[in-house]
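Accompanying notes for the structure given below.
The values are calculated or read from the model by the stated rules, or taken from the named source; none is laboratory data. A quick note: this is a predicted structure, and the numbers were derived from the prediction, not measured. Here Cβ is always computed from backbone atoms with ideal geometry, including for glycine, and neighbour counts include all displayed protein chains.
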Amino acid sequence: MLSGLRALDLTGETGFLCGKLLARFGIDVLKIEKPGGDPARQRGPFYKDTPDPEKSLYWFAFNESKRGITLDIETAEGQELFRKLVKTADFVIESFYPGYMESLGLDYSRLSAIRPGLIMASITPFGQTGPYRDYKGTDIVIMATGGVMSLTGKPDGIPCRLSPEHAYCLGGTYAAVAVLTACYYRQRTGEGQYIDVALSECAVRENYSEVPVSWKFGHYTAGRHGDIMFRYGVNTRTIWPCKDGHVTWTLFGGTIGATENKALTKWLEEEGLLGDLKWGFDGITQAEIDRIEKPVFELLVRYTKKEIEDESMKRGLRISAVSDVKDLTESAQLKFRGYWKDIEHPELGCKITYPGHLYISNQDDAAPLSRAPLIGEHNKAIYEDELGIDSRTLANLKEKGVI
């Protein structure tokens, strides 16, 4: 969709997703690593549990669809090569600490003088300004300082982090959106932009309703609810065990409950679990909620996730399976839409299945284009074929550790 544009990707783990998303949109993303490879290549798990910088599944996941070159921008020759690359680029994305690019003479003011209209995005834990500017911040630090962890976990437990690296993915996504928005602006005006993305602010933005609703107007802290929904002074369960995992459902009154609870009553009656259960929601107490939920618990543990979903569809109930990775890879819906993509890994002699399209349109589907690059895989194509550097000079630069 955006073929013909190029991005130079200097990011580490905090910004990998930004480059990946740009690549999915058709932009030629050059992942620039130090000679020897990015430190993230040492992150497991590894293909067939063999530790190897060329077999990191983490690296595969976040750098597919990019091309890769090696370059040490801390050397004078490396900086000169980078400036030559900037002349061919539309975007530069980086995630170094504030001031690092300026210390190398590669800050936005200098680079945009070389390439007018350049768009550059910096992704850092706390942004380029403010009292936290120079603070370090991993994903768990960002999720903690951003307030998300205060809302995650059980009511009587401690704050919990989300298992995936959520803050890094938020930052990469917001950066990609900002870059593409700036690209649209450049098409209209010819002007480039410098974009400052703070991971901490991306995390704060996850508290969409808590700040304006709970705190600003309700004057209370939302807190953690885990598998419980708190409404109108009572708790209702949202996650339920079943024979092979968990499903999600919660008890409702009002118009929604009027229809659904009849269907659930019929199911309970067929299973011999209804007893003297009666539904009533005017001034309902927690004891009554617990009494209603008890037979529902006994019902759901009799069935598998698939059986419950099938019955729910048939009866008009809002009960859904809590999918695990196995469920996702076997999903009939995802298979029908061709979501999962097998990408060739010639160096491994196999194909690996990747998450697929970002969307489907009548023009494109933003699916994975290729596996992640090997260390310096495209050095010859970029340095020799594009920039015209002869093989002898390249060999010399490699010997000196520049590429």
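Observations on the structure shown:
- Taking the listed residues 355, 368, the one that is in contact (Cβ under 8 Å) with a residue 40 or more places away in the chain and either closer than 18 Å to residue 70 by Cβ or not acidic (Asp, Glu) (or both) is 368, with no other qualifying.
- Only one of the listed residues (150, 163, 209) is surrounded by 15 or more Cβ atoms within 10 Å (Cβ to Cβ), of a type in the set (S, T, N, Q) and either at negative phi or at pLDDT below 95 (or both). That residue is 150.
- Screening 95, 65 for residues that are small (Gly, Ala, Ser), at pLDDT 95 or above and within 30 Å of residue 134 (Cβ to Cβ) leaves exactly one candidate, 95.
- Among (1) in contact with a Cys (Cβ under 8 Å, 6 or more places away or on another chain); (2) closer than 26 Å to residue 121 by Cβ, the one test that residue 133 misses: (1)
- Filtering region 349-378 to residues that are β-branched (Val, Ile, Thr) and more than 18 Å from residue 337 (Cα to Cα) leaves 352, 375.
- Number of residues in region 111-135 that are assigned to a loop (DSSP other than H, G, I, E, B) and without any contact (Cβ under 8 Å) to a residue 24 or more places away in the chain equals 3.
- Restricted to region 33-56, and to residues there that are without any contact (Cβ under 8 Å) to a residue 24 or more places away in the chain and outside any loop (DSSP other than H, G, I, E, B), the residue that is nearest to residue 95 (Cα to Cα) is 42.
- Considering only residues in region 57-94 that are in a helix (DSSP H, G or I) and of a type in the set (D, E, K, R), the one that is surrounded by the fewest Cβ atoms within 10 Å (Cβ to Cβ) turns out to be 80.
- Some residue of region 326-339 being surrounded by 14 or more Cβ atoms within 10 Å (Cβ to Cβ) and under 25 Å from residue 373 (Cβ atoms): yes
- The residues in region 378-403 that are buried (at least 17 other Cβ atoms within 10 Å of the Cβ) and not in a helix (DSSP H, G or I) can be counted, and the count is 4.
- Where helices (runs of 4 or more DSSP H) fall wholly inside region 221-337, the ranges with 2 or more residues that are more than 30 Å from the chain's Cα centre (by Cα) are 254-270, 286-300, 305-315.
- Residue 360 modelled with pLDDT under 95, outside any helix (DSSP H, G or I), assigned by TED's automatic domain parsing to the domain that holds residue 35 and β-branched (Val, Ile, Thr): yes
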